[in-house]
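Every number in this text was worked out from the coordinates using simple rules, so none of it is lab data. The shown structure was predicted, so the numbers you read here are calculated from the model rather than taken from an experiment. Here the Cβ positions follow ideal geometry from the backbone for every residue, glycine too, while neighbour counts run over all protein chains shown.
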Amino acid sequence: MANPPLKDIRSKIEKAARIADRKPSDIALIAVSKTRSSDEIRPLLEAGHCVFGENRVQEAMEKWPALKGDYPDIQLHMIGQLQSNKAAEAVALFDYIHSLDRLSLVKALAKEMDRQDRRIACFLQVNIGEESQKGGCDIKAVPELLAQARTAGIAVAGLMAVPPDNANPVPYFALLAKLARDRGLDGLSIGMSGDFESAIKLGATHIRVGTALFGARAVRAT
Ligand SMILES: *Cc1c(COP(=O)(O)O)cnc(C)c1O
């Protein structure tokens with residue numbers, strides 16, 4: 001593992017896991033490669049990292065089919081808001097979807113999984129800060145959406161959230177962890193560059209790290 005930022009993050013993951021009495025291997029590091037070129041991504045692949053996240057279907061389709069040809073073990077996570085009319089491409093390209101947040105998307109994804117005979121696990125995204133501009137289902141809607149996803153045959157891996165900007169994320173992480181526990185869900189997709197160590201202490205199983213691995217993004221990607 002010759003990539004210095006990757007090495008640094010790995011050691012921070014190990015330290016946070018040790019403090020929380022957890023196994024580092026139970027925490028998946030998703031390298032968030034949105035806005036990054038294939039040339040910026042390749043050094044991480046060379047260093048043996050193969051778990052990546054993107055937030056736009058179109059951008060991911062431009063980069064990843066070629067990279068997957070060279071590195072067959074790549075695991076791709078869709079972490080951005082997903083439109084139902086992109087369900088076919090998303091099911092074909094991604095291995096996990098972290099942004100399942102409404103019934104119309106449940107239906108669109110289930111239909112594509114049937115059609116392509118390809119089952120991919122999903123996280124339910126929760127609008128944990130109750131922000132009008134953010135994706136995610138309402139906190140109160142989690143049980144119903146979970147039931148709808150399962151009825152449609154979608155395996156739900158856990159819950160995902162992006163806490164409000166400029167706020168202490170810890171209470172939001174703790175709330176999401178409680179919601180997941182209450183429903184018997186193991187997966188918890190929380191923690192980004194600035195807060196993944198706290199997220200690990202609160203039970204994160206999937207952390208989504210971009211800036212700390214690749215440097216600051218030139219353009220704002222939402
Ligand atoms: C961009 C993004 C990240 C990574 O953010 P960094 O601060 O660059 O680590 C994580 N999760 C989601 C949903 C994102 O869109």
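The figures follow:
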| item | result |
| --- | --- |
| Computed [θ] at 222 nm, deg cm²/dmol, the chain (DSSP H ≥ 4; -39,500 (n - 2.57); rounded to nearest 500) | -12500 deg cm²/dmol |
| Sequence-separation-based contact order of the stretch 87-166, relative, with Cα cut under 8 Å and 6+ spacing, percent | 34 |
| Filtered trypsin sites (Lys or Arg not before Pro), the stretch 86-157: DSSP coil and at most 16 other beta carbons within 10 Å | Arg118, Arg119 |
| Given 15 as the ceiling on other Cβ atoms within 10 Å, longest exposed-site-free region of the chain for GluC sites (Glu not before Pro) in DSSP loops | 1-129 |
| Under 5 Å, built H, 5+ apart or other chain: amide partners of Val51 | Ala31, Gln75 |
| Under-5 Å amide H pairs with Gly210, H placed in peptide plane, nonlocal only | Val32, Ser193 |
| Cleavage-rule hits (trypsin sites (Lys or Arg not before Pro)) in the stretch 152-222: DSSP loop, at most 11 neighbouring Cβ within 10 angstrom | Arg220 |
| Potential extension, Asp39-Asp95 segment - 0.36 nm per residue separation minus Cα distance | 17.9 nm |
